Amino acid sequence: MKRINRTFSVAPMMDWTDRHCRYLHRLISKNVLLYTEMVTAPALIHGDADRLLEFNQSEHPIALQIGGSHPNQLAQATRLGCEAGYDEININIGCPSDRVQFGRFGACLMKEPELVSECVTAMKEASTGAEITVKCRIGVDDQEPKRILPDFIDKVSQNGVSSFTIHARKAWLSGLSPKQNRDVPPLDYELVHEIKKERPELEIILNGGLQTFDQAVHEINKGLDGAMIGRTAYHNPMEILANADSLFETNTNKKSVNKIIDEMLPYIQNHLDTGGRLNQITRHMLGLFSGQSGAKIWKRTLSDEAHKKDAGVEVVQNALRNVLEKQNNSE
Ligand SMILES: Cc1cc2nc3c(=O)[nH]c(=O)nc-3n(C[C@H](O)[C@H](O)[C@H](O)COP(=O)(O)O)c2cc1C
């Protein structure tokens, strides 16, 4: 089994980290680990698995995130993910949405460590090359994280699953929306550090609320195995991802935004040629100039133009031209 370097990863995000988004992120960083959106095990088994699992070869290393709580279904989904060529299969024990709770998976499984242990054991046995990992919270509802998280990790890791990404806040299963559950419950990074200190043999990755690349590096340097960033990586990919390769190799070449846009053009053209629409890709590119002069005009041009029928790559080229004009004028 190929060992994956998880020093830095982009979080799984439904509706955001689709294959177009990941293609863009891969152009910005050669090494960060990319996660898919969550796909449920039943959707893979009964749905169009080929379409759901499709990715571009350039996206490696890539992890498939699955949701479920039936060991047999998760084993089947794992087999499908392995056949499709994923490097890692991750189980979601963090999503608090009603839909997910109804299916008895996601964050509510923090209350059922024995079942999660059965699930990951089945996934491990079914895997033909992908590493099995877990993404979890520190607890749910009125659970006491300091008491239940160590117990959860110990039970789930007992059969050889050794990599945990911990979203360092609880989830409230009723009363808060999924969005509020990413902001309202307080973060507890110290607990994640304690888990790592007491279990040095496990790989422990911190997730939740990291705002800058430097902050992520600071937390890693305090003794963790890696950091996973979600929203900030999506909204400001250049700040977060363009620096990340320096964690994996020396002498990295940071690409300019213009170069990345240039490299996106053939990919976009190919998507359009095969019947796709421009804004399916450009919606992930809106944050490319975040914090820089021209950010507003870039976003506005793409938002106003890219959804139009027959919009082509010239929309992106125009948007870039507008940015460069703005930047030249403000110099
Ligand atoms: C739009 C959106 C969709 C998300 N979908 C998923 C998901 O499918 N699976 C999952 O484990 N977490 C999901 N999350 C949670 C993120 O993976 C991450 O744990 C959370 O956003 C905290 O990290 P951050 O503060 O760096 O964004 C989602 C977050 C967002 C913003």
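Taking θ as phi - 60° and the Karplus parameters 6.51, -1.76 and 1.60, the scalar couplings of region 213-228 work out to 4, 4, 5, 4, 5, 4, 5, 4, 5, 7, x, 8, 8, x, 10, 10 Hz in sequence order, x denoting glycine and proline. Here the translational diffusion coefficient of region 84-216 follows from Stokes-Einstein with Rh set to the Kirkwood radius across Cα pairs; for 20 °C and 1.002 mPa s it amounts to 142 µm²/s.
Helix-only estimate, please: 222 nm mean residue ellipticity of the chain, summing -39500 (n - 2.57) across DSSP H runs of length 4 or more and dividing by its residues, to the nearest 500. Mind showing how you got there, number by number?
Working: 15 runs with 145 residues, N = 331.
That calculation yields -12500 deg cm²/dmol at 222 nm.
Return the Rg/Rh ratio of region 257-330 with Cα-based radii and a Kirkwood Rh. With Rg and the Kirkwood Rh in hand, the quotient comes to 0.96. Convex hull volume of the C-alpha atoms in region 148-200, normalised per residue: 92 Å³.
Given their separation in residues at 0.36 nm each and the Cα-Cα distance between them, LYS111 and GLU190 gain 26.3 nm when the chain is fully extended. Hey, with R₀ at 35 Å, roughly what FRET efficiency would ILE148 and GLN215 work out to, going by the Cβ-Cβ distance, to 0.05? According to the calculation, E is roughly 0.85.
With q set to 0.14, 0.31 Å⁻¹, the log10 of I(q)/I(0) for region 78-131, from the Debye formula over equal scatterers at the Cα positions, is -0.41, -1.07.
Mind checking Rg over Rh on region 1-130, alpha carbons, Kirkwood formula for Rh? Please report the intermediate quantities before stating the final value.
Details: Rg = 14.0 Å, Rh = 14.8 Å.
Reported Rg/Rh (Cα atoms, Kirkwood Rh): 0.95.
With equal scatterers on the alpha carbons only and no solvent term, can you work out the Debye log10 of I(q)/I(0) for region 8-247 at 0.09, 0.12, 0.14, 0.16 1/Å? The calculated log intensity ratios at q = 0.09, 0.12, 0.14, 0.16 Å⁻¹ are -0.33, -0.61, -0.86, -1.16. Within the shell defined by Cβ-Cβ distances under 12 Å, the residues around LEU241 carry a net charge of +3, with Lys and Arg each +1 and Asp and Glu each -1. Net charge of the neighbourhood of TYR189, taken over other residues with C-beta under 12 Å away and scored Lys/Arg +1, Asp/Glu -1, is -1. The figure for CYS21 is an accessible area of roughly 0 square angstrom, using a 1.4 Å probe on the protein chains alone.
The values are calculated or read from the model by the stated rules, or taken from the named source; none is laboratory data. Model, not experiment: these values are computed from the prediction. Neighbour counts are summed over all protein chains in view; Cβ atoms, including those assigned to glycine, are modelled from backbone coordinates with ideal geometry. Remember, those area values only see protein heavy atoms, side chains included, never the ligands or the DNA or RNA. Shrake-Rupley method; radii C 1.70, N 1.55, O 1.52, S 1.80 Å.
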